[in-house]
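Trainee: Provided herewith is a single structure, encoded as structure tokens, for subsequent inquiry.
Bear in mind these aren't lab numbers, they're just calculated from the coordinates by the rules spelled out. As the structure is a computational prediction, the values presented were derived from the model and not from experiment. Please note: Cβ atoms are built from the backbone with ideal geometry, for glycine as well, and neighbour counts cover all protein chains shown.
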Amino acid sequence: MALKDRITEDMKSAMKAGEKERLATIRMILAGVKQREVDERIQLDDAQVISVLEKMIKTRRESVTQFQAGGRADLVAKENAEIALIGAYLPTQLSDAELDALIGEALASSGATTMKDMGKAMAVIKAKAAGRADMAAVGAKLKAKLVG
């Protein structure tokens, strides 16, 4: 079953169960997917839906930081709940060991040795870890390996 179809089915089950918060988040996900489809005039495949979900999670993480700075614990909790629900549709995240192995493999295959070559290594990693790792964290780990 396609990811978009699974999200739609989850929306229907949330409606039937009367889960208002879950339903609102799922509708927001579907609205984001539909918006991208309309903007680009295409039907999104699973990889493209995952990229929409990742962008939504990134936005919410930034919001959490802002709400924490503002002392809004209620909004932090709401955003974290949305992150958890959206994250449930992403593929299983890579472990630290798998991520380190992937970074080592990317450095070897791209020949990256300095910060100038970071883009080459990130391209290799992005292709293999799309949707399965936080790319900001991956970038920080990669930078540490290239600098250190």
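Trainee: Please compute the contact order of region 43-123 in relative form: average sequence separation of alpha-carbon pairs under 8 Å and at least six residues apart, divided by the residue count, as a percent.
Mentor: About 23 percent, as a whole number.
Trainee: Using only Cα atoms, what Kirkwood radius does region 1-69 have, in angstroms?
Mentor: Answer for region 1-69: a Kirkwood hydrodynamic radius of 13.0 Å.
Trainee: Okay, moving on. Ordered by residue, what ³J(HN,Hα) values in Hz, to whole numbers, does region 34-45 give under the Karplus form 6.51 cos²θ - 1.76 cosθ + 1.60, where θ = phi - 60° and Gly and Pro are x?
Mentor: Result, ordered by residue: 4, 4, 5, 4, 5, 4, 9, 6, 9, 9, 6, 8 Hz.
Trainee: Additional query: Set the Förster distance to 30 Å, then compute FRET efficiency between E21 and A144 from the Cβ-Cβ distance, nearest 0.05.
Mentor: 0.20
Trainee: Using the Karplus curve 6.51 cos²θ - 1.76 cosθ + 1.60 with θ = phi - 60°, work out ³J(HN,Hα) for each residue of region 52-62 in order, rounded to whole Hz, and write x for Gly and Pro.
Mentor: 5, 5, 4, 5, 5, 5, 4, 4, 5, 5, 5
Trainee: Now for a different question. Just from its helices, what would the mean residue ellipticity at 222 nm be for the chain, if runs of 4 or more DSSP H residues each count -39500 (n - 2.57) and the sum is divided by every residue, rounded to the nearest 500 deg cm²/dmol?
Mentor: On the way: 7 runs with 115 residues, N = 148.
Value at 222 nm, helices only: -26000 deg cm²/dmol.
Trainee: Using a Gaussian network model on the chain with a 10 Å cutoff between Cα atoms, which of L99, L75, L53 fluctuates the most?
Mentor: It is L75.
Trainee: Compute the length gained on full extension between K126 and T59: take 0.36 nm times their separation in residues and subtract their Cα-Cα distance, giving the result in nm to one decimal. Spell out each step's value before the answer.
Mentor: Details: separation 67, 0.36 × 67 = 24.12 nm, distance 1.90 nm.
Taking K126 through T59 to full extension adds about 22.2 nm, to one decimal.
Trainee: Taking the Cβ-Cβ separation of A77 and A101 as r and a Förster radius of 30 Å, what is the calculated FRET efficiency to the nearest 0.05?
Mentor: So the FRET efficiency works out to roughly 0.30.
Trainee: Angle between the Cα long axis of helix 73-87 and the longest principal axis of the chain, 0 to 90 degrees, nearest 10?
Mentor: Orientation of helix 73-87: about 80 degrees from the principal axis.
Trainee: Let me test this: with uniform point scatterers at the alpha carbons of region 96-147, what is the Debye-based log₁₀ I(q)/I(0) at q = 0.13, 0.20, 0.24, 0.26 1/Å?
Mentor: -0.23, -0.56, -0.83, -0.99
Trainee: Now for a different question. With +1 assigned to the C-beta of every Lys and Arg and -1 to the C-beta of every Asp and Glu, and no other charges, what is the dipole magnitude of region 3-87 about the Cα centre in debye, to the nearest 20?
Mentor: 200
Trainee: Relative to the Cα centre, what is the charge dipole magnitude of the chain, using +1 at the beta carbon of each Lys and Arg, -1 at the beta carbon of each Asp and Glu, and rounding to the nearest 20 debye?
Mentor: Charge dipole, the chain, about its Cα centre: 260 debye, nearest 20.
Trainee: Something else about it: Short version: ³J(HN,Hα) in whole Hz for each residue of region 111-128, in order, from phi by Karplus 6.51 cos²θ - 1.76 cosθ + 1.60 (θ = phi - 60°), x for Gly and Pro, what are they?
Mentor: With coefficients 6.51, -1.76 and 1.60, one gets x, 6, 10, 10, 4, 4, 8, 4, x, 4, 5, 5, 4, 5, 5, 4, 5, 8 Hz.
Trainee: Which FRET efficiency value, to the nearest 0.05, do you get for A69 and T114 by plugging their Cβ-Cβ distance into 1/(1 + (r/R0)^6) with R0 = 35 Å?
Mentor: Numbers: r = 35 Å, r/R0 = 1.00.
With a Förster radius of 35 Å, E is 0.50.
Trainee: Counting Lys and Arg as +1 and Asp and Glu as -1, what is the net charge of the other residues whose Cβ lies under 13 Å from the Cβ of A14?
Mentor: Here the count lands on +2.
Trainee: Using the Kirkwood formula over every pair of different C-alpha atoms, what hydrodynamic radius in Å results for region 1-139?
Mentor: Computed over region 1-139, the radius equals 16.8 Å.
Trainee: Still on this structure, please answer the following. For the modelled label position 7 Å from the Cα of Q43 along Cα-to-Cβ, which residues of region 68-112 have backbone nitrogen atoms closer than 20 Å?
Mentor: Correct set: none at all.
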